[in-house]
Ligand SMILES: Nc1ncnc2c1ncn2[C@@H]1O[C@H](COP(=O)(O)OP(=O)(O)O)[C@@H](O)[C@H]1O
Ligand SMILES: [Mg+2]
């Protein structure tokens, strides 16, 4: 039988959503069984692994078929499926709100039979690095549909007067292929309003967007993400089924985030109260990067233990380059 160490490794890789590592641990279990003379069991495990790998290639191929073509290719990028929601570290309330969207999406037929509309048009609001894109990607992974990202700022700059037509292309695509359509940098439709020469164009684009959004009855999830809610019209908020706010983590969440990122290391040397005081105000992205830096130091020092001083230094470094200091 697999030993507790294997079970632990399997659980950790599963929670992280790391398929490849999960399979490699499973292979180790098969090898161990074979060594102990349990050839039938070993064979069974290997067969299951092969089948899982084959299925994965197939689903990747399916996604390749979905690669945007033609006009659409210059407007959206397809992102690889990522971690599931469970592997993210989220405040309870935020996770519940995201799960509510997933539930309504999955049960949309039932809701529609009763003349109810699922929450499908969302506005994600929050500072850079607080997990908006990550959450959108995780929702796509949960629903087994692709994530297609449109960067509004880039589209507006590139296509100028044609932007509204380009938006139509994207909204048309939503009806053809269900997906999570993430309109990133949505504040681009607000920021430039006060620059005289762009006012007319931005307003037209915003109005088109809102019209398309209102008319859209596709099976896609539409998410607009913004770092700057203050640049958006309050009236605009009403156009979405749900406004979901993202924020930098509190201490408890920051610790959970770093622990999860450093799950494969010994952490007994860490003095959390000092680390968390130092990391106050850092975003999820910055905490993840600090954790990764400290993890790299451990690996390069051929140690399985993350050193307190290294992690503290990594957090300080992130603090120095914190965006709110430079803005
Ligand atoms: N809830 C979370 N759990 C785990 N990691 C997260 C979480 N939120 C953000 N991250 C990490 O931070 C990075 C940046 O997050 P991202 O989603 O790009 O932020 P945003 O889109 O809000 O700017 C991600 O690549 C991920 O590593
Ligand atoms: Mg983002």
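A quick yes/no check of all residues on (1) at pLDDT 95 or above; (2) farther than 30 Å from residue 211 by Cβ; (3) surrounded by 19 or more Cβ atoms within 10 Å (Cβ to Cβ):
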{"residue": "231", "(1), (2), (3)": "no, no, no"}
{"residue": "239", "(1), (2), (3)": "no, no, no"}
{"residue": "250", "(1), (2), (3)": "yes, yes, no"}
{"residue": "259", "(1), (2), (3)": "yes, yes, no"}
{"residue": "316", "(1), (2), (3)": "yes, yes, no"}
{"residue": "324", "(1), (2), (3)": "no, yes, no"}
{"residue": "327", "(1), (2), (3)": "no, yes, no"}
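Pull out all pairs, ordered by first then second residue, where Cβ-Cβ is under 7 Å, the residues are six or more apart or on different chains, the first lies in region 26-38 and is free of Cβ contacts under 8 Å to residues at least 40 places away in the same chain, and the second is surrounded by 16 or more Cβ atoms within 10 Å (Cβ to Cβ) and not in a helix (DSSP H, G or I).
Going by the 7 Å Cβ cut-off, the qualifying pairs are 29/2.
What number of residues within region 287-296 satisfy the criterion of being buried (at least 23 other Cβ atoms within 10 Å of the Cβ) and within 16 Å of residue 247 (Cβ to Cβ)?
1
Give the number of residues within region 80-130 that are within 16 Å of ligand 2 (Cβ to nearest atom) and either within 23 Å of residue 281 (Cα to Cα) or surrounded by 18 or more Cβ atoms within 10 Å (Cβ to Cβ) (or both).
13
Could we say that residue 270 is modelled with pLDDT of 95 or more and either more than 16 Å from ligand 1 (Cβ to nearest atom) or not assigned by TED's automatic domain parsing to the domain that holds residue 221 (or both) here?
yes
I'd like the residue in region 172-190 that is modelled with pLDDT of 85 or more and part of a helix (DSSP H, G or I) and, out of all such residues, is nearest to the chain's Cα centre (by Cα).
174
Can residue 209 be described as buried (at least 18 other Cβ atoms within 10 Å of the Cβ), farther than 25 Å from residue 86 by Cα, more than 16 Å from ligand 1 (Cβ to nearest atom) and touching a residue at least 40 places away in the same chain (Cβ under 8 Å)?
Yes, satisfied.
Find the helices (runs of 4 or more DSSP H) located wholly in region 218-327 whose residues include 1 or more that are in contact with a helix residue (DSSP H, G or I) (Cβ under 7 Å, 6 or more places away or on another chain), and list them.
Ranges flagged: 251-261, 272-278, 284-300, 308-320.
The values are calculated or read from the model by the stated rules, or taken from the named source; none is laboratory data. Note that the structure is predicted; figures quoted are calculated from it, not measured. Backbone-built Cβ (ideal geometry, glycine too); neighbour counts: all protein chains shown.
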